[in-house]
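Colleague: My questions will all concern the structure given below.
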Amino acid sequence: MRIRSALVALAFFSAAAAAQADTKILTVRFGEVVRDSAPYKSAESKMKAEFEKRRAELEAQGKSLADDYKAYQRDADTLSADQRLKKEKDLKSRESDINFAQRKFQEDLQNRDRELTQDLVGKVRDVITQVAKEKGADLIIQDALYASPGADITAEVLKRLNAAGGK
């Protein structure tokens with residue numbers, strides 16, 4: 001019985017090895033392709049330009065608020081109770097508005113980054129599929145622990161993606 005099971009297992013593994021010998025497996029370092037591609041760098045600089053003005057305005061508002069807090073702390077003893085209360089209320093209101101604007105800025109930045117990344121990921125996948133088909137691949141493995149240089153198509157995908165310029 002054991003010999004029969006061993007023979008069946010040996011036949012199975014031999015068939016699997018033969019099938020595997022006919023299977024062409026390639027690998028790609030997806031994160032590297034995205035990060036090093038011209039379309040990603042272009043989208044990143046475009047996004048920075050979109051949000052730089054808002055970031056600078058928020059920083060200026062924060063600095064102005066900090067300066068006003070210092071002035072209030074310095075002058076608080078000379079103000080009447082009503083003036084102090086009014087000034088504190090104004091400072092807290094401005095602080096709340098700035099905090100809200102900062103949260104909104106971060107949310108908008110993350111959403112925009114997600115949009116640009118999703119567009120690029122689709123393009124990268126299309127190029128990977130094209131290269132894989134041309135090379136006759138049966139399987140593409142993303143971010144393999146090890147791959148021989150002949151099985152790694154990262155450079156080819158990156159080259160084509162950059163040549164397309166993100167179009």
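The values are calculated or read from the model by the stated rules, or taken from the named source; none is laboratory data. These numbers come from a predicted model, not from an experiment. Glycine gets a Cβ as well: all are built from the backbone with ideal geometry, and neighbour counts include every protein chain shown.
Colleague: Cβ-Cβ below 6 Å, separation at least six or inter-chain, first residue in the range 94-112 and under 15 Å from residue 43 (Cβ atoms), second part of a helix (DSSP H, G or I): which pairs?
Modeller: Listed pairs, sorted by first residue: 109/51; 112/47.
Colleague: Here's a follow-up. Residue check: is residue 77 surrounded by 14 or more Cβ atoms within 10 Å (Cβ to Cβ) and either part of a helix (DSSP H, G or I) or touching a residue at least 40 places away in the same chain (Cβ under 8 Å) (or both)?
Modeller: In short, no.
Colleague: Here's another thing I want to ask about it. Among the residues of the range 103-134, write down those that are closer than 15 Å to residue 164 by Cβ and either of a type in the set (Lys, Arg) or buried (at least 16 other Cβ atoms within 10 Å of the Cβ) (or both).
Modeller: Answer for the range 103-134, where residues must be closer than 15 Å to residue 164 by Cβ and either of a type in the set (Lys, Arg) or buried (at least 16 other Cβ atoms within 10 Å of the Cβ) (or both): 120, 123, 124, 125, 127, 128, 131.
Colleague: Would it be correct to say that residue 103 is basic (Lys, Arg) and either modelled with pLDDT under 90 or within 17 Å of residue 34 (Cα to Cα) (or both)?
Modeller: Considered against the rule, which asks whether it is basic (Lys, Arg) and either modelled with pLDDT under 90 or within 17 Å of residue 34 (Cα to Cα) (or both), residue 103 comes out as no.
Colleague: Could you tell me whether the range 137-148 includes any residue that is within 25 Å of the chain's Cα centre (by Cα) and of a type in the set (D, E, K, R)?
Modeller: Checked against the condition, which is being within 25 Å of the chain's Cα centre (by Cα) and of a type in the set (D, E, K, R), the range 137-148 yields at least one hit.
Colleague: Now a separate question. Which of (1) under 13 Å from residue 37 (Cβ atoms); (2) surrounded by fewer than 15 Cβ atoms within 10 Å (Cβ to Cβ) does residue 160 not meet, given it meets every other one?
Modeller: (2)
Colleague: Only residues in the range 20-46 that are assigned to a loop (DSSP other than H, G, I, E, B) count as the first member; pair them with residues that are surrounded by 14 or more Cβ atoms within 10 Å (Cβ to Cβ), Cβ under 7 angstrom, at least 6 apart or cross-chain, and list the lot.
Modeller: 24/137; 29/154; 37/158; 37/161; 37/162
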